[in-house]
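> A single structure is presented below for examination.
The values are calculated or read from the model by the stated rules, or taken from the named source; none is laboratory data. Bear in mind the structure is a predicted one, so any value in this text is a computation, not a measurement. Reconstructed Cβ throughout: ideal geometry from the backbone, glycine too, with neighbour counts over all protein chains shown. Accessible surface areas use protein heavy atoms only, side chains included; no ligands, DNA or RNA. Shrake-Rupley method; radii C 1.70, N 1.55, O 1.52, S 1.80 Å.
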Amino acid sequence: MAPAKEVTSDTVSLDGHAFSDRCIGDLFEEQATRNPAGIALIQGRRLLTYSQLSAQTGRLARFLRTSGVRPEKFVGVCLNNGIDAVVAVLGVLKAGGAYVPLDPGLPPDRLHHMAFDAGLSLCISNKALRNAVPSGISVVCLDLDAEKIQQESPDAPESFANPDNAAWVLYTSGSTGLPKGVVGTHRGITAGLVSVEYDTAEVCCLNASISFGLSLANMFLPLIRGISLVVLTDRDLKDIARFTDILEREKISRVVLLPTVLNRIIDLGPLYVAKLQNIRRIGLVGSELTPELVRRFTTALPYTRFHNVYSSTEIGTPATYWEVTPDTVTRGRVTLGKPVANTTIHIFDRDMKPVPKGESGEICVGAPHLARGYMGLPALTAERFVRDPFAFTPGQRLYRTGDLGRIGDDGNIEYLGRVDDQVKVRGFRIILAEVERALASHELVREAAVTTQGTLGEERLVAHFVPSGSPIPSPAELRAWLSDRLPDYMVPAAFSALAQLPLGDNGKLDRRALPEIVRATAEHEYGGHLSSALETSLEEIWGEVLGFHPIDADDHFLDVGGDSLLASAIATRIESRFQIDVSAENVFDQPTIRQLAKLILEKQATVPLNAVGALQGVILCE
């Protein structure tokens, strides 16, 4: 990344062209013209050159224009992650519209709200997923309509878009109980080019869902710089072994990771760390970085440059970065770093007045490329996006992040926490109120309070609730209820019934007084209800990973706090101990010790050990 410097969006240029005056599609087309034979996208054995990607997206853009796509027209994209999703996104942008990702794995009610909120009348999908598109929306199927699309000219149409037109709407957790759409513009990406340096020989990696803000820089910046981009599928995004194999096979030189994920890869041992040796830059995002993790990462990968990156969907591209150096490791102090080019950072008190250096306040980001605001929420937009009183350019705004921080004597910004109830769990941004509202909508729940438990970087959502009567709903029932309404990452790992929620002196919920949910150990002795030596060994593995004993042979993995990263760890230990290929997907499909033991016996009788098992985990998110 480029260090902060005094630059304006009107003076920064790429090959003589000002970023602020160009749209994403225009800059991509320049690269396709300059290097048509260069590899643009890679997904397994499927490759697209810049020329081929230009032609595919040009035809799609023209086809979309016949369906009425113009600037400020929002178009849904309901596809699994992969090359087709990137083609759809670029096709929408080149037609002049703005794309709205509709993750087909989300609950139907949530997809319906997003589609209605964005006013969608058109969506790009395929035959397999078209039923996931909310009713009442016309669907362009990339496979069923392929012949019609192919008849269009490969030359991109005139988009008529300008850098301040909407380019995307990404939905994040909202305090009203419903997700809120962040409307971003082309400038949100093109202005970010000044802050990220690329070598033309680099190979980058899109290891974030297009539904999340982190995909913006990961997807667009390499493509408008002419860099090869490896696109991970949904399966790749949930499979640590596949992910690390791809990093090694494709010689990926730059990647962005959650500190938690990198830490888990290192936990898997030297064979997995060796697969990261081609990587020369790793951006660390999504959760707080500690000095202990920094030391561990730099020891495991001494020839890799690490950057602590600070951004959000509302900011678009990175706002600050901090590069790890031997000196910073020695000092043991981790910061967010300093603002990148084209960006300013202010620390304000509650009255939006600057605080002295060294004192804490809210981190506010100023840049010409901030998101436009929140879809259909003018009051919230006015609250979070405010006039920048220090900007030289009239009308420039500040985004109030809700993060607490302070500026140190060296000018680096330190992160100190949140001013509200937003949390990040495994890199996902979650407003606790949204989960609480969904839980309290259950007929047997009168009140609900959600918080996090666990060590820094390893937090999990947990829920406390006051039953409305009898019977008291079980964790499995509440989990099923929430799974029909929320994304998987917003469903708590544990539930606890309370007679009443703790309140502070002001009569409001006191989250700090919520009791820790501790696994009960009085229900049965260690290894209770285990019927074989194999089940006993599995209980030991589960206990090592989950952090407590005992675990009953019929306890459901999710009911005892399991998640995809923990499933990865369990699968790895089973492979090592029993020399049998067991994936994290197996842990979810056979979610009790008893069921998993039966599967192992079947595999031992019929299936040889593969070289590497499929170890599922969350690779990256928002």
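> Shape of segment 324-480 from its Cα gyration tensor (a ≥ b ≥ c, root eigenvalues): rounded if a/c is under 1.5, otherwise prolate when a/b > b/c, or oblate?
Details: a/c = 2.90, a/b = 1.65, b/c = 1.76.
Oblate, because a/c is 1.5 or more while a/b does not exceed b/c.
> Based only on Cα atoms, what Rg/Rh ratio does segment 405-449 have, Rh being taken as Kirkwood's radius?
We get a ratio of 1.25 for segment 405-449.
> Projecting each Cα onto the charge dipole of segment 97-157 (Lys/Arg +1, Asp/Glu -1 at the beta carbon, about the Cα centre), which of 106, 154, 120 comes out farthest on the positive side?
106
> Follow-up question, since we're still on this one. What's the extension gain from residue 393 to residue 164 if we count 0.36 nm per residue and subtract their Cα-Cα distance?
80.9 nm
> At 1.4 Å probe radius, can you tell me the per residue accessible area of the chain in Å²? List each step's numbers first, then the result.
On the way: 25740 Å² over 622 residues.
Roughly 41 Å² per residue, with all protein chains present.
> Calculate the dipole size of the chain relative to its Cα centre from +1 charges on Lys and Arg beta carbons and -1 charges on Asp and Glu beta carbons; express the result in debye to the nearest 20.
That gives the chain a dipole magnitude of about 1240 debye.
> Can you work out ³J(HN,Hα) from phi for every residue in segment 205-221, in order, using Karplus 6.51 cos²θ - 1.76 cosθ + 1.60 and θ = phi - 60°, giving whole Hz and x for Gly and Pro?
9, 8, 10, 9, 4, 5, 7, 10, x, 5, 5, 4, 5, 5, 8, 7, 4
> Let's test the formula: R0 of 45 Å, r as the Cβ-Cβ distance of residue 503 and residue 554. What FRET efficiency results, to the nearest 0.05? Don't skip to the answer; put the middle values down first.
Values: r = 37 Å, r/R0 = 0.83.
So the FRET efficiency works out to roughly 0.75.
> Let me make sure I get this right: for segment 60-217, a, b and c are the square roots of the gyration tensor eigenvalues over alpha carbons, sorted descending. Under 1.5 in a/c it's rounded, otherwise prolate if a/b > b/c, else oblate. Which is it? Walk me through the numbers before you get to the answer.
Numbers: a/c = 1.42, a/b = 1.07, b/c = 1.32.
Rounded.
> May I ask for the Kirkwood hydrodynamic radius of segment 140-267, worked out over all distinct Cα pairs and given in angstroms to one decimal?
The Cα-based Kirkwood calculation yields 17.4 Å.
> So, one more: Show me, for segment 77-87, the HN-Hα J-couplings you get by feeding each phi into the Karplus relation (A = 6.51, B = -1.76, C = 1.60, θ = phi - 60°), rounded to Hz, glycine and proline as x.
Values, residue by residue: 10, 10, 9, 6, 5, x, 4, 4, 5, 5, 4 Hz.
> For the chain, which whole-number percentage of the solvent-accessible area (1.4 Å probe, protein heavy atoms only) is attributable to carbon and sulfur atoms?
50 percent
> Can you tell me which of 64-77, 561-574 comes out highest on packing, and rank the rest after it, using the mean Cβ neighbours within 10 Å?
Top of the packing list down: 561-574, 64-77.
> I would also like to ask the following. Can you pull out the trypsin sites (Lys or Arg not before Pro) in segment 204-256 that DSSP calls coil and that have at most 16 other Cβ atoms within 10 Å?
251
> As a check on your grasp of the helix formula, calculate [θ] at 222 nm for the chain: sum -39500 (n - 2.57) over DSSP H runs of n ≥ 4, divide by the residue count, round to the nearest 500.
Result for the chain, helices only: -8500 deg cm²/dmol.
> For helix 564-578, report the angle its Cα long axis makes with the longest principal axis of the Cα atoms of the chain; keep it between 0 and 90° and round to the nearest 10°.
The angle comes out near 60 degrees.
> For the chain, take the longest principal axis of its alpha carbons; what is the angle in degrees between that and the long axis of helix 291-300, to the nearest 10 within 0 to 90?
On a 0 to 90 degree scale, this one is about 80.
> Still on this model: Could you work out how much longer the chain between residue 601 and residue 443 gets when fully extended? Use 0.36 nm per residue separation minus the Cα distance between them, nm to one decimal.
Here the answer is 52.7 nm.
> So, one more: Set Lys and Arg Cβ to +1 and Asp and Glu Cβ to -1, take the dipole of segment 161-243 about its Cα centre, and tell me which of 172, 241, 207 lies farthest positive.
172
> Could you tell me which of rounded, prolate or oblate describes segment 201-264, using a ≥ b ≥ c as the square roots of the eigenvalues of the alpha-carbon gyration tensor, with rounded for a/c under 1.5 and, failing that, prolate when a/b is larger than b/c and oblate otherwise?
In terms of gyration-tensor shape, oblate.
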